[in-house]
Structures are given as C-alpha cells and as structure tokens.
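Visitor: I'd like to ask some things about the structure below.
The values are calculated or read from the model by the stated rules, or taken from the named source; none is laboratory data. Quantities reported herein were computed from a predicted structural model and do not represent experimental measurements. Methodologically, a virtual Cβ is constructed for each residue, glycine included, from the backbone with ideal geometry; neighbour enumeration extends over all protein chains shown.
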Amino acid sequence: MKDGLKIIDCDLHVIENGDLFEKYLDPKFHAHMPEYLGWGPTNFPHWNAGGQMIPPWARDEAVVGPQKALDAPSEGIYAPIREKKYDAASTVAAMDVEGIDEAVMFRTFASMFLSIDSLSGEVATAYCAAFNDWLADYCAAHTSRLRSAAIVALHDPELAAQEARRAVEDKGHVAVVLLPMPVGGRYVHAVECDVLWREITRLGVPLIFHGTSGGASEDYAANRFRGHPNFRTLNHASAFPFELMAAMGAMLVGGVCDRFPDMRIGFLEGNCGWLPWWLDRLDGQWQKYGGGEAIQLSALPSEIFLRQCFIATDSDEALVAQVVDRFGDDNIVMSIDYPHADGGYPNGTKEFLALPGVGLESKKKIMWGNCRRLYGFA
C-alpha cells in the first residue's frame with residue numbers, strides 16, 4: 001500500500017537462471033536443452049540454444065557500452081538483489097519498498113527462446129512448460145503477493161492450447177502470455193490460432209501480449225537495426241511499441257476480438273501514449289477499406305478495443321494523461337517494470353502518483369481496479 005492506496009503491478013519480472021532448463025526441462029527434450037553460459041558482458045544471463053545466442057545480443061559489443069550506461073546509476077540498488085539471484089523473497093521486499101500489494105510475475109528471457117523461427121512445436125512447448133513450472137515454484141511461497149503468468153508459443157497452436165490449459169488448471173497461472181511478433185511466418189490473426197483463443201476464453205484468464213528486446217525472429221521489427229549505429233537504443237525504443245501496435249491491429253482488424261468477444265486482452269510494456277493515434281488510424285482506415293474486406297467487424301476497432309482490451313502505462317509516462325482524456329480511465333493498467341534498470345524502482349509508484357494531468361481517482365483505478373478486472377481477480 002502506498003499513501004493509503006492499494007496497488008497491483010500488472011507486470012513485474014523474474015530473472016531466469018541456469019535452473020530453468022537444467023531442472024525443469026522434460027528429459028525427453030534434453031537433446032534440445034539450451035546451454036546456460038552464465039552472466040554475460042551485457043550484464044544479463046545468457047544461453048546458447050542450438051547455435052542461437054539468447055539474448056541475441058548477449059555478447060554484442062554494440063550493446064555492452066549502452067547497457068553499462070543504463071546500469072551504472074542503479075548499480076548500488078541492484079547489486080545486492082543480484083547477489084540473491086533475484087529470488088522471490090527479494091521481489092517481495094522490493095514490492096514492500098514500492099508499496100505494491102500484489103504483482104503478476106512475467107518472464108524476462110524465457111520467451112526469447114520462443115522467438116526462434118526454426119523450433120518445432122514440440123520443442124517450443126517443452127520450453128514453455130519448463131518455464132511455467134519454474135515460475136509456479138518461484139511464486140509458491142508467496143501466493144498472496146505473487147501471481148504467475150504462463151508463456152505459450154505459436155509454433156503449434158494446438159500444443160499451445162494444451163499447455164495453456166495445463167498451466168492454468170494444474171499450475172495456477174493467471175494469464176497466458178505471447179510474444180506479439182510473428183514466429184515462423186504465423187501471425188496472431190491466422191485462423192489456425194483460434195484453437196488457442198478458444199481455450200484461453202474457456203479458461204477465463206486474459207491473453208497478454210508482451211514484447212522483448214531480444215527477439216530472434218526473422219520478422220522482428222528491431223532486427224533491421226542490427227549492425228547499424230546505436231542499435232541498443234533503437235532496438236529498445238522501437239521493439240516494444242512497434243510489435244504491440246502490429247499485434248493490436250491484427251487482433252482488432254483481423255477479426256480475432258470479434259470472434260472471441262469474451263476474451264480479455266492486455267498489451268503490456270510498450271507504453272500507451274500512442275494508443276489514441278493508433279486507434280484513430282485503424283478506425284479511419286477501416287472506414288475507408290473495411291466495406292470491401294472479407295471479414296467484417298461488428299464495430300470500429302476503437303470500440304472493440306474499449307470493449308475487451310487493456311493497455312499498460314509505465315510509471316513515468318506523462319502521455320497517459322492524453323489517453324485518459326481521449327478514452328477515459330477504464331482500460332489502463334500500470335507497472336514499474338521491476339527489476340529492469342530502465343524501470344521506476346525504487347520510486348516507481350511515487351513518480352506515477354506525481355504525474356500531472358491525471359486525477360487521483362483515475363490513478364486509483366489504474367493502480368488497482370483495472371488490473372484486477374484484466375486478470376479476473378475477485
């Protein structure tokens with residue numbers, strides 16, 4: 001609690017380690033086990049997954065300098081947490097510092113493996129299952145504070161639906177998380193993905209799109225900057241919003257939301273200030289071209305978004321005021337993005353409460369009620 005206000009963070013993170021695959025990967029897939037390489041020069045753990053480095057830039061000299069510049073101001077804060085291997089107890093302690101009552105816990109690196117186009121559906125799903133079991137155990141001692149969000153992969157939508165069911169019904173996960181970019185040429189509005197959306201809707205948990213700065217997919221927006229000047233800044237600035245915008249467009253204009261109107265969908269960690277322009281753009285283009293499209297929509301894309309979608313704001317995002325002005329305060333959630341050095345910790349909730357242009361009642365909804373509606377918490 002902060003200043004008497006209850007807070008739930010929609011999207012805190014774990015930092016995975018060598019235990020992830022060494023202890024949790026199904027033995028049937030040990031031949032595909034990523035090799036854990038320890039802590040790399042970019043100040044992150046990294047792996048070799050069959051010749052693909054994860055993160056792809058883990059040893060890239062073009063990333064080392066910018067990452068050190070980012071990490072330096074908060075090194076004194078995160079060094080003791082890193083010594084504790086970012087365990088659950090240190091996460092709960094950080095939540096206490098911020099006044100966060102509850103948090104939904106997300107992957108950091110595990111989904112990067114799922115961006116490898118060439119994975120078979122069986123291997124991709126085995127990676128998901130390993131992480132989902134690892135994360136369930138991570139949260140197990142603090143279930144009143146930490147809720148786990150499962151990952152699935154679109155390499156095989158049928159297997160993804162099975163893993164979503166197992167993760168939610170057997171392991172207690174409260175959301176199903178997908179990378180927003182296409183993998184192996186499959187887009188999120190492909191008809192074969194309906195089996196997954198049908199299962200998520202039945203399970204009553206939300207579908208969450210959450211990007212990464214470590215995508216290996218050939219169809220990953222930020223990879224066009226690889227090998228060019230100032231890659232790290234351009235990669236991190238573009239990857240998260242670009243991919244969310246494209247996924248949102250596919251889900252809205254591609255007809256997925258209309259086919260599954262009871263499915264709640266979150267678009268997290270890509271800012272929200274672009275939302276008014278993007279929905280206005282989608283509406284305008286639909287009004288021009290939509291009459292001739294093969295799949296018709298029941299309403300304008302913006303109306304469909306407001307019916308069943310949510311978007312996250314960072315704790316320091318001043319443009320959230322414009323989103324509230326344009327669309328109201330019912331569809332926005334908030335995260336401080338702990339324990340990433342570009343996040344708000346240890347002053348994230350304080351800076352969010354100090355943002356101008358958004359009233360206290362709206363901030364209360366964004367910090368608590370909206371997030372509980374997204375995740376379906378009683």
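Visitor: Can you tell me which condition residue 295 does not meet? The list is (1) among the β-branched types (Val, Ile, Thr); (2) closer than 23 Å to residue 362 by Cα; (3) in a loop (DSSP other than H, G, I, E, B), and all the others hold.
Guide: The single condition residue 295 does not satisfy is (2).
Visitor: Can you pull out the strands (runs of 3 or more DSSP E) entirely within region 131-229 that have at least 2 residues that are surrounded by 23 or more Cβ atoms within 10 Å (Cβ to Cβ) and on the phi < 0 side of the Ramachandran plot?
Guide: 176-178, 207-210
Visitor: Then there is this: For region 303-320, which residues satisfy the criterion of being outside any loop (DSSP other than H, G, I, E, B) and crowded, with 21+ Cβ neighbours inside 10 Å?
Guide: Hits for region 303-320 are 304, 305, 309, 310, 311, 312, 313, 314, 320.
Visitor: Of all residues in region 263-290 being under 22 Å from residue 322 (Cβ atoms) and aliphatic (A, V, I, L, M), which is surrounded by the fewest Cβ atoms within 10 Å (Cβ to Cβ)?
Guide: 282
Visitor: Test each condition in (1) surrounded by fewer than 17 Cβ atoms within 10 Å (Cβ to Cβ); (2) at pLDDT 95 or above; (3) closer than 30 Å to residue 374 by Cα for residue 9 and report the one that comes out false.
Guide: Answer for residue 9: the failing condition is (1).
Visitor: With the condition kept exactly as written, say whether any residue in region 224-238 is of a type outside the set (Gly, Ala, Ser) and within 20 Å of residue 311 (Cβ to Cβ).
Guide: Within region 224-238, one or more residues are of a type outside the set (Gly, Ala, Ser) and within 20 Å of residue 311 (Cβ to Cβ).
Visitor: Let me ask another. Within region 98-113, which residues are part of a helix (DSSP H, G or I) and aliphatic (A, V, I, L, M)?
Guide: Result: 110, 112.
Visitor: Hey, could you check region 230-257 for residues that are in a helix (DSSP H, G or I) and among the polar types (S, T, N, Q) and say which is nearest to residue 215 (Cα to Cα)?
Guide: Among residues in region 230-257 that are in a helix (DSSP H, G or I) and among the polar types (S, T, N, Q), the one nearest to residue 215 (Cα to Cα) is 235.
Visitor: Considering only region 291-302, I want to know if a residue exists there that is buried (at least 18 other Cβ atoms within 10 Å of the Cβ) and either modelled with pLDDT under 95 or closer than 30 Å to residue 87 by Cα (or both).
Guide: No, there is no match, as no residue in region 291-302 is buried (at least 18 other Cβ atoms within 10 Å of the Cβ) and either modelled with pLDDT under 95 or closer than 30 Å to residue 87 by Cα (or both).
Visitor: So if I check each of 186, 198, which one is of a type in the set (Lys, Arg) and free of Cβ contacts under 8 Å to residues at least 40 places away in the same chain?
Guide: 186
Residue-wise test of (1) touching a His at 6+ places or on another chain (Cβ under 8 Å); (2) under 25 Å from residue 313 (Cβ atoms); (3) free of Cβ contacts under 8 Å to residues at least 24 places away in the same chain.
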{"site": "193", "(1), (2), (3)": "no, no, no"}
{"site": "205", "(1), (2), (3)": "yes, yes, no"}
{"site": "212", "(1), (2), (3)": "no, yes, no"}
{"site": "220", "(1), (2), (3)": "no, yes, no"}
{"site": "229", "(1), (2), (3)": "no, no, yes"}
{"site": "264", "(1), (2), (3)": "no, yes, no"}
{"site": "279", "(1), (2), (3)": "no, yes, no"}
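Visitor: Moving to a separate point now. Looking only at residues in region 321-340 that are part of a helix (DSSP H, G or I) and in contact with a Gly (Cβ under 9 Å, 6 or more places away or on another chain), which one is farthest from residue 78 (Cα to Cα)?
Guide: Among those that are part of a helix (DSSP H, G or I) and in contact with a Gly (Cβ under 9 Å, 6 or more places away or on another chain), it is 325.
Visitor: Name the residues in region 341-366 that are crowded, with 16+ Cβ neighbours inside 10 Å, closer than 15 Å to residue 271 by Cα and not small (Gly, Ala, Ser), would you?
Guide: 352, 355, 366
Visitor: Scan region 299-338 residue by residue and report those that are touching a helix residue (DSSP H, G or I) at 6+ places or on another chain (Cβ under 7 Å) and hydroxyl-bearing (Ser, Thr, Tyr).
Guide: Hits for region 299-338 are 302, 313, 315, 338.
Visitor: May I pose another question? Grab the helices (runs of 4 or more DSSP H) fully contained in region 14-97, keeping just those with 3 or more residues being touching a residue at least 60 places away in the same chain (Cβ under 8 Å) and either basic (Lys, Arg) or over 30 Å from residue 224 (Cα atoms) (or both).
Guide: The helices (runs of 4 or more DSSP H) meeting that bar are 19-24, 75-83.
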